[in-house]
Amino acid sequence: MDRREFIGKAFGLTVVSAVTPGILTCACDAMAKETVPLAFSPITVDLSESKYATLLSVEGSAYVAIPGNTRGIIVNRINEAEFAAMSSVCPHEQTRVGLYNKTSDRMTCTSGHGSTFDIYGKKLTNPTPRSLDRYKITFDGGNILLIEDTPADVQDEIAAVMAIRSLYPNPASDKSTLDISMSEQVAVEIALFDMVGNNRVTVFSGSLDAGDHSFTINTGSLATGSYFCKLTTPKGSISRRMQVVR
């Protein structure tokens, strides 16, 4: 199955399935530098902003900055409903990877060493030892994308451990109630972040038993606007967008 056939079958999905790194064939792979995984708060991408205009078109590509980090993320639009988010750092020399090029049907490392990747960040040619790190990306169907630091290939594992059952009222004025379900005992931090990644309210930090749990999020001191309620565990994180109104 070629890439375009795959895209047709994947149409409508918002999270891309995991890719398996290719077999190492270059002798220099053993000397490759390992990329340190990124850690960041949920990032919002508003497609109405001019710097992301290329993502309005299928197979468009753009860089997304990570606040407080010199490394960034590449976002590629796969089709009308699907996007892929990946690290912009080549695992070979930790140099920047160029944006997706429709003509060549690939992304190329700017170091000139020859590493290339497909639109999903999957390794195509050496000397890179593996594919690019990919991250969970959610599309609201309008103009908003949400990128989280959770690797795209561990979403099923996270979903098996915890789930957000409801967040209400949303929009909220003074407070909101978060209901979650846990399938096993695990350490959890629940916090509310603003749109630039600042932790504005820590709701809970500790261990939760398996079962249903409810938390009150006090929003009375927050300004009107958009926020993200993020649940973080050792296995990854999930988020839900939240509006505060006055």
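The values are calculated or read from the model by the stated rules, or taken from the named source; none is laboratory data. The shown structure was predicted, so the numbers you read here are calculated from the model rather than taken from an experiment. Cβ placement follows ideal geometry from the backbone for every residue including glycine, while neighbour counts extend to all protein chains displayed.
See the values below:
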{"item": "Residue within the stretch 141-155 that is of a type in the set (Gly, Ala, Ser), farther than 29 Å from Gln94 by Cβ and in contact with a strand residue (DSSP E or B) (Cβ under 7 Å, 6 or more places away or on another chain) present", "result": "no"}
{"item": "Pick from the stretch 84-135, criterion in contact (Cβ under 8 Å) with a residue 60 or more places away in the chain and of a type in the set (Lys, Arg), ranking: nearest to Ser41 (Cα to Cα)", "result": "Arg134"}
{"item": "Residue that is farthest from Thr103 (Cα to Cα), among those in the stretch 54-73 that are of a type in the set (Gly, Ala, Ser) and not in a strand (DSSP E or B)", "result": "Gly68"}
{"item": "Which listed residue is within 30 Å of Asn218 (Cβ to Cβ) and in contact with a strand residue (DSSP E or B) (Cβ under 6 Å, 6 or more places away or on another chain), from Thr138, Thr125, Thr110", "result": "Thr138"}
{"item": "Near pairs, Cβ below 8 angstrom, 6+ apart or cross-chain, from the stretch 210-226 (touching a residue at least 40 places away in the same chain (Cβ under 8 Å)) to any residue that is basic (Lys, Arg)", "result": "Asp212/Arg165; Thr216/Lys175; Ile217/Lys175; Asn218/Lys175; Thr219/Lys175; Gly220/Lys175; Ser226/Arg241"}
{"item": "Sole exception among (1) among the polar types (S, T, N, Q); (2) buried (at least 23 other Cβ atoms within 10 Å of the Cβ); (3) outside any strand (DSSP E or B) for Asn76, by number", "result": "(3)"}
{"item": "Restricting the stretch 159-210 to residues that are part of a strand (DSSP E or B) and among the acidic types (Asp, Glu), the residue that is nearest to the chain's Cα centre (by Cα)", "result": "Asp194"}
{"item": "Within the stretch 17-66, considering residues that are over 20 Å from the mean Cα position of the chain (by Cα) and either at pLDDT 95 or above or aliphatic (A, V, I, L, M) (or both), the one surrounded by the most Cβ atoms within 10 Å (Cβ to Cβ)", "result": "Ala32"}
{"item": "All positions within the stretch 67-93 that are of a type in the set (S, T, N, Q) and at pLDDT 90 or above", "result": "Asn76, Ser87, Ser88"}
{"item": "In the stretch 211-243, residue nearest to the chain's Cα centre (by Cα) [restricted to those that are assigned to a loop (DSSP other than H, G, I, E, B) and surrounded by 13 or more Cβ atoms within 10 Å (Cβ to Cβ)]", "result": "Lys235"}
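For every residue, the table says whether it meets (1) surrounded by fewer than 16 Cβ atoms within 10 Å (Cβ to Cβ); (2) at pLDDT below 85.
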residue: Ile137; (1), (2): no, no
residue: Leu146; (1), (2): no, no
residue: Ala152; (1), (2): no, yes
residue: Glu157; (1), (2): yes, yes
residue: Ser183; (1), (2): yes, no
residue: Asn199; (1), (2): yes, no
